[in-house]
Structure formats: C-alpha cells, structure tokens
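Peer 1: Here it is: the structure, laid out below.
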Amino acid sequence: MDVMNARMQARWWLMLALLLASLLQSAAAIDPPKGWEPRTGDAWVDTQLEDINAYGERYREAFIDELVRYQGTPRELAQDLLRQGWKPGDLYYACAMAQLIGQPCRNVAAEWTRDHEDGWVGVGKRLGFTANSSQFRELKRGFVASYDRWARPLTLDAELRRAFPDRGKAPSAKNGRARDAGKSRE
C-alpha cells in the first residue's frame, strides 16, 4: 500500500508540474516580452522612430550626418551612443528634443539614461517637453524635413497633413501649363 501511495503521489506531482508548465507557456504566449517602445505620447511619432531605427542601422553615416548638421549633435556623441547600444530612433528623438528646449543633446541623453521607465513621455515631462506642446508639433514637422533629405517616403498624420497641405500632390496641369507658357514666350 505504501508503494501504491508513493506512485499516486508521484503521478499527482507530475500532473501538477505539467499543468503548471502548460499555464506558464500559455501566459508567455498571451503576454510576450515587449520589444523597443519609445512611448513618446504620439503613436505616429513612435512609428516614425521605429522606421528611423531601420534607416539609422542601414545608413549609419547618413543618419549621423543628419544629427550633426541639422540638430547640432556632436559627431562623437552620436557615434558613442550608437556604439553603446542606443537605438537610432531614441538618439534622433533625444537630439531633436534637446534642440527644441535649448539643451545639449548630451543632457537629454543623460536624462534618458538616468531613467526612461516611462519612455520619452516621462523624460519629456521632467524636461518640460510635452506631447501637446508647440515644441512637440515642431519636432513632428522636423521629421518631414529629415525624411525629405533622406529621400524616404513618409505618410503624414492628420495634424501634419494640415501643416503640409500640398505635400505629396502632383503639380496641377493648370499650373504646369501656365509655367510652360511663360517659358515659351522668353
């Protein structure tokens, strides 16, 4: 009888272990580990930053040149942060924010490094930069200029379509004929 109890107890523990393993596996399938999430407070910006990750990985030097020329980022800082594992999207956002709030990119990067548990929304709040501010809208418009320089396609959100109403529209035939007519008279 003791042998039978021991076998039953062993089976019970085995079934419990299998049940627990099954529950853990389904929990992992339901809630997979999160990947890179910038959490800027604007879904469109988050999407563009993910695209900038791809661009910055593929065209590293052109990406660094953009930060140096148009956001005043020291080249060595950009290179060092990327070597340390920074995502290009995070670096772009840090330096764009820094320029708009009148801080060196190094300061914004240090703030992100110190604490980014709440994403860029949290860093921005600590630095006085919020997703519904005029500075944030200016940052979004800066994406358009960067993408133009990179000759990279960009789908605008509703706010940017209002700011750039003629973007993506072909010149009208009427305007084209008027230009051509003016040239033929010269």
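Peer 1: Using 1/(1 + (r/R0)^6) with R0 = 25 angstrom and r between the beta carbons of Ala110 and Arg60, what's the FRET efficiency to the nearest 0.05?
Peer 2: Numbers: r = 23 Å, r/R0 = 0.90.
In this case the efficiency is close to 0.65.
Peer 1: Let me ask something additional. Going 7 Å from the Cα of Arg152 toward and past its Cβ, which residues in the stretch 86-120 have a backbone nitrogen under 17 Å from where you end up?
Peer 2: Under cut-off, by backbone N: 86-97.
Peer 1: Give, as a single signed number, the net charge of other residues whose beta carbon lies under 11 Å from the beta carbon of Pro88, with Lys and Arg counted +1 and Asp and Glu -1.
Peer 2: Numbers: positive: Arg58, Arg60, Lys87; negative: Glu50, Asp51, Glu57, Glu66, Asp90.
Taking every other residue near Pro88 into account, the sum is -2.
Peer 1: Sticking with this structure for a sec: Roughly what % of Cα-Cα distances in the stretch 42-92 sit above 15 Å, to the whole percent?
Peer 2: On the way: 505 of 1275 pairs.
So the pairs more than 15 Å apart make up 40 percent of the total in the stretch 42-92.
Peer 1: Here is a further query. Suppose R0 equals 25 Å. What FRET efficiency, 1/(1 + (r/R0)^6) with r the Cβ-Cβ distance, do Arg69 and Glu159 give to the nearest 0.05? Please list the in-between numbers first.
Peer 2: Numbers: r = 26 Å, r/R0 = 1.03.
Calculated transfer efficiency: 0.45.
Peer 1: List the relative contact order of the stretch 44-156 as a percent without decimals, with contacts defined as Cα pairs under 8 Å and 6+ residues apart.
Peer 2: Values: 87 pairs, mean separation 21.3, N = 113.
Normalised by residue count, the contact order of the stretch 44-156 is 19 percent.
Peer 1: May I pose another question? Calculate, in nm to one decimal, what Gln9 and Ala145 gain on full extension: separation in residues at 0.36 nm each, minus their alpha carbon distance. Show your work: numbers first, answer last.
Peer 2: Working: separation 136, 0.36 × 136 = 48.96 nm, distance 6.93 nm.
Stretched out fully, the Gln9 to Ala145 stretch lengthens by 42.0 nm.
Peer 1: In what order do Trp120, Trp86 fall by count of nearby beta-carbon atoms within 10 Å, going from fewest to most? Before the final figure, lay out each step's value.
Peer 2: Values: Trp120 26, Trp86 18.
With the fewest neighbours first, Trp120, Trp86 line up as Trp86, Trp120.
Peer 1: Considering only the other residues whose Cβ falls under 10 Å of the Cβ of Asp118, what net charge follows from Lys and Arg at +1 and Asp and Glu at -1? Could the numbers behind the result be given before it?
Peer 2: Values: positive: Arg39, Lys125, Arg126; negative: Asp115, Glu117.
Neighbour charge sum, excluding Asp118 itself: +1.
Peer 1: Please give the net charge around Ala145, taking every other residue with its beta carbon less than 13 angstrom from that of Ala145, where Lys and Arg add +1 and Asp and Glu add -1. Display every interim value, and only then the final one.
Peer 2: Numbers: positive: Arg69, Lys140, Arg141, Arg149, Arg152, Arg167; negative: Glu66, Glu138, Asp148.
Taking every Cβ under 13 Å from that of Ala145, the sum is +3.
Read-outs throughout are calculated quantities, based only on the coordinates presented, and are distinct from any laboratory measurement. Bear in mind that the values here come from a model prediction, so they are computed numbers and not experimental data. No Cβ is skipped: glycine too gets one built from the backbone with ideal geometry, and neighbour counts run over all protein chains shown.
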